[in-house]
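Here is the structure we will look at, set down as structure tokens.
Every read-out reported here was derived from the displayed coordinates using simple, explicitly stated rules and does not represent laboratory data. No experiment lies behind these values; they were computed from the predicted model shown. Here the Cβ is made from the backbone with ideal geometry for all residues, glycine too, and neighbour counts use every protein chain on show.
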């Protein structure tokens, strides 16, 4: 029963990773860039939600929506100002720019907000669901987190597969040149991708902070790296891959903490990633790379 | 910073010129700084940066061989530095009574730091170099994090019975006269600070000789061939895996040497110092200096280490401005108009390969 | 006349499948020493796939390839080159960020025997071999009329020159058999004429066998001594240029019904 409880905790943490990883993977799929500032966009979302809840006393749902709107705008603005001029540049230049954006957001947040320690208020009733005569208890927060992740995943899949914009996105990720010839406005699609990816990052931020309530300007960096790992784990560019990768990463991390060692859990997570990539060099659900000779 | 092309283009005609410029920068810089030190005109803040700057340059030169010349993105350079640093600290600590001379101990520590990092580079390289592109990059990141995490859980002490190890929990009970060398997350404390600026400069010169002479040899050409066209390289009989391994191992070795020097420059050093951010920092030096451009790497490292210090007057805003400068430089250097302007400037002044670096200043 | 010579390359029942799709099947071919042989066929017939199997870029699914009497079943791309097969590519694959001279020097990779330490310390062995390599590379460039462009970046050369450089690079590996994949593609008639002379010269000078894929029939009929025709992954015909030109099946394959 303890195992089951760890598993559920892992799925909960994994859900947060998965939501962040979805943003990572969408941006990678369309813009072919590693947006290292993604975790920091999430951090901004956490702070916006915090102020909405604490300083303005807004209801939880309103705060979450406000925070998502804020990160959506932030994502679009960053893309316009920093990444768009680099469309033709080498991927390393874009990577360094993303790192610059990451520094900028972290230090900006430091200047604006970090004079005092901030504790995220609890947003979900603290009770828990008891199963098997109380042997297994699942907190409402866990349930909400997992549900939110599944909802995001379902919505995204429907959006990508059923809507015209979603189809345009898939076209852009296959071949931008051909997409342009088909009359698709590639710049608009990239903007939309950044908007969606950044928007759901705020949701992840709220869920993460509900579990680990201390706010700091660097709160996005480690989950950011983990989510990036999750995205690669599942096959970067693949939406189901990010979902699967995120969940697995969360489970592995919690199980490693429970059964092996808390201090070594990160090392174990990364070791599993390496093993997976050695067996499947493009991740669990990634496309096989092949070069025509 | 699309220097790949211009750099390789200059390989043939400007072989010796570019190398000479690199060496001149280091030697002239060294003499200037020694003069400033002798006349007491260097603030203690700048003095404290001297050794770290030489370490960063050596690690960045190695990384440029890996990222610029070999074309594989490596996000784990800090891991190799970390290994070199703590190896160096252990070696120096263990030999402190046997070899009282700090300089000799430092040299031994650097050599062993380079050696162990190279060996680890080889071991890691076997799986890493089977992957390509961003997948390879994330695995180097993963290894970097694993190394950090392992050293963070390592307890090493020395007593008359020899080295004592413990993992995850500190179970060491040292015999009288023993001392802790690495104490898990607390890292190394009470290290003898034997690193010197002069040794750092010599290390840079050695790194330059290794990197340049390698590039202008059979192996260096093969490394670039594998970067430019893997299939064509195989078709002329080049073992791509072995060739990429060479670049990876040399890069790791230089990072290890740099790490050993770095570690022996501080009395206390925590393993968390060598995190992902440090790897990224060194990568930034390399990319801004120009891929494959060693002179550029030296200049951009010096400028970027000094920049936050020079911005210190701006207090809290300095890191924010640093970030903006980073973004603006990347955008400008990829702007067609700026590129044209630079090449025009280049023709007029015929400054050779340092043009981008000059523009950075 | 070629019957008297010994074959350098013997291909028997060669075949390859890509995910259930048979690209090449039951392919047989011999290439004799010091001959210029041609491999022709309509687009998509599998010619480049044959080259990719001969150089082990693709591992064949069936059949055997013997080179200089040796079974090559377990050999890799690198091994094939070291054994003496060099090639060019249909879509040019130069080391495009490097100089023309460096491209040829890279071809001489396996002739150089100094090690990394001798290079780093610039020992006499390094100096002597680098000197020799440079001289030999310049000689090769002269044959392909590229010696004046030695210091240019390979990627900046005009198309025809890039094709010639690819041949020069392949020759730098000291092959016994040279595979040319559409060497005249994108060349004008004058350049093609010069190329034909170069190919003949290379064959005579280095005494090697040449196997080429080409769509330019003037070139194929002009220099090939023997031609194999491939259609839908199968061998359609084999013979002298005159025989091939007269073969009704070949005409049908090229012109349709």
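The table below gives the values:
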{"read-out": "Computed Kirkwood radius, in angstrom, where 1/r is averaged over Cα pairs of segment A:96-228", "value": "18.0"}
{"read-out": "Average other protein chain Cβ within 10 Å of Cβ, residues B:312-324", "value": "3"}
{"read-out": "Mean residue ellipticity (222 nm) of chain B, computed from DSSP H runs ≥ 4 via -39,500 (n - 2.57), nearest 500", "value": "-23000 deg cm²/dmol"}
{"read-out": "Nearest 10 degrees, 0 to 90: helix A:2-31 Cα axis against chain A principal axis", "value": "20"}
{"read-out": "Compactness of segment A:193-293 as Cα Rg over 2.2 N^0.38 Å, two decimals", "value": "1.19"}
{"read-out": "Pairwise centroid distance, computed over Cα atoms, of segment A:205-253 with segment A:12-86, Å", "value": "13"}
{"read-out": "Reference-scaled alpha-carbon Rg (2.2 N^0.38 Å with N residues) for segment A:166-248", "value": "1.32"}
{"read-out": "Where the Cα pairs of segment B:110-253 fall when distances are cut into 5 Å bins, in %", "value": "2, 8, 12, 15, 15, 14, 12, 9, 6, 4, 2, 1, 0"}
{"read-out": "Relative exposure of B:105, B:318, C:207, B:218, judged by other C-beta atoms within 10 Å (fewest first)", "value": "C:207, B:318, B:105, B:218"}
{"read-out": "Zero-based 10 Å bins, Cα pair distances in segment A:55-167, whole percents", "value": "10, 23, 31, 25, 9, 2, 0"}
{"read-out": "Gap separating the Cα centres of segment B:41-59 and segment C:72-122, nearest whole Å", "value": "42"}
{"read-out": "Kirkwood-Stokes translational diffusion coefficient of segment A:30-89, alpha-carbon pairs, 20 °C, 1.002 mPa s, µm²/s", "value": "170"}
{"read-out": "Separation between Cα centres of segment C:168-233 and segment B:190-249, rounded to whole Å", "value": "38"}
{"read-out": "Partner chain coverage, peptide C:97-104 - average Cβ within 10 angstrom", "value": "6"}
{"read-out": "Segment B:185-249: C-alpha pair distances exceeding 17 Å, %", "value": "58"}
{"read-out": "Viscosity 1.567 mPa s, 4 °C: Kirkwood-radius Stokes-Einstein D of segment A:1-125 over Cα pairs, µm²/s", "value": "79"}
{"read-out": "Scattering profile of segment B:252-339 at q = 0.14, 0.18, 0.20 Å⁻¹ [log10 I(q)/I(0), Debye over alpha-carbon scatterers]", "value": "-0.63, -0.99, -1.16"}
{"read-out": "Cα-based Kirkwood hydrodynamic radius, segment B:54-102, one decimal, Å", "value": "12.5"}
{"read-out": "Average projected area [Cα convex hull, segment C:1-129], square nanometres", "value": "11.3"}
{"read-out": "Ellipticity estimate at 222 nm from DSSP helix runs (n ≥ 4, -39,500 (n - 2.57)) divided over chain A, nearest 500", "value": "-24000 deg cm²/dmol"}
{"read-out": "Globularity ratio of the protein assembly as shown, using Cα Rg and 2.2 N^0.38 Å", "value": "1.05"}
{"read-out": "Residue order, fewest to most surrounding Cβ atoms within 10 angstrom, among B:243, C:64", "value": "C:64, B:243"}
{"read-out": "Average other protein chain Cβ within 10 Å of Cβ, residues A:88-94", "value": "6"}
{"read-out": "Fewest-first sequence of B:169, B:72 by Cβ atoms within 10 Å of each Cβ", "value": "B:169, B:72"}
{"read-out": "Helix B:276-289 axis, angle to chain B major axis (alpha carbon atoms, nearest 10°)", "value": "30"}
{"read-out": "Helix C:189-206 axis, angle to chain C major axis (alpha carbon atoms, nearest 10°)", "value": "70"}
{"read-out": "Cα point-scatterer Debye curve for segment A:2-279, base-10 log of I(q)/I(0) at q = 0.10, 0.12, 0.13, 0.14 Å⁻¹", "value": "-0.51, -0.74, -0.86, -1.00"}
{"read-out": "Translational diffusion of chain C, µm² s⁻¹ [Kirkwood Rh, Cα pairs; Stokes-Einstein; 20 °C; 1.002 mPa s]", "value": "112"}
{"read-out": "Ratio of Rg to Rh over segment B:23-284 (Cα coordinates, Kirkwood Rh, two decimals)", "value": "1.01"}
{"read-out": "Hull-based mean projected area of segment C:189-243, where the convex hull spans the alpha carbons, in square nanometres", "value": "4.2"}
{"read-out": "Volume in Å³ per residue [convex hull over Cα atoms, computed for segment A:160-210]", "value": "74"}
{"read-out": "Fraction of beta bridges assigned by DSSP in the protein assembly as shown that are antiparallel (%, nearest 5)", "value": "70"}
{"read-out": "For q = 0.11, 0.12, 0.17, 0.21 Å⁻¹, Debye-computed log10 I/I(0) when each Cα of segment C:96-173 counts as one equal scatterer", "value": "-0.28, -0.33, -0.62, -0.86"}
{"read-out": "Largest-first principal axis extents of the Cα set of segment C:122-257 (Å)", "value": "66, 28, 24"}
{"read-out": "Helical mean residue ellipticity (222 nm; -39500 (n - 2.57) per DSSP H run of 4+; nearest 500) of chain C", "value": "-11500 deg cm²/dmol"}
{"read-out": "Spherically averaged projected area in nm², based on the convex hull that wraps the Cα atoms of segment B:16-87", "value": "6.6"}
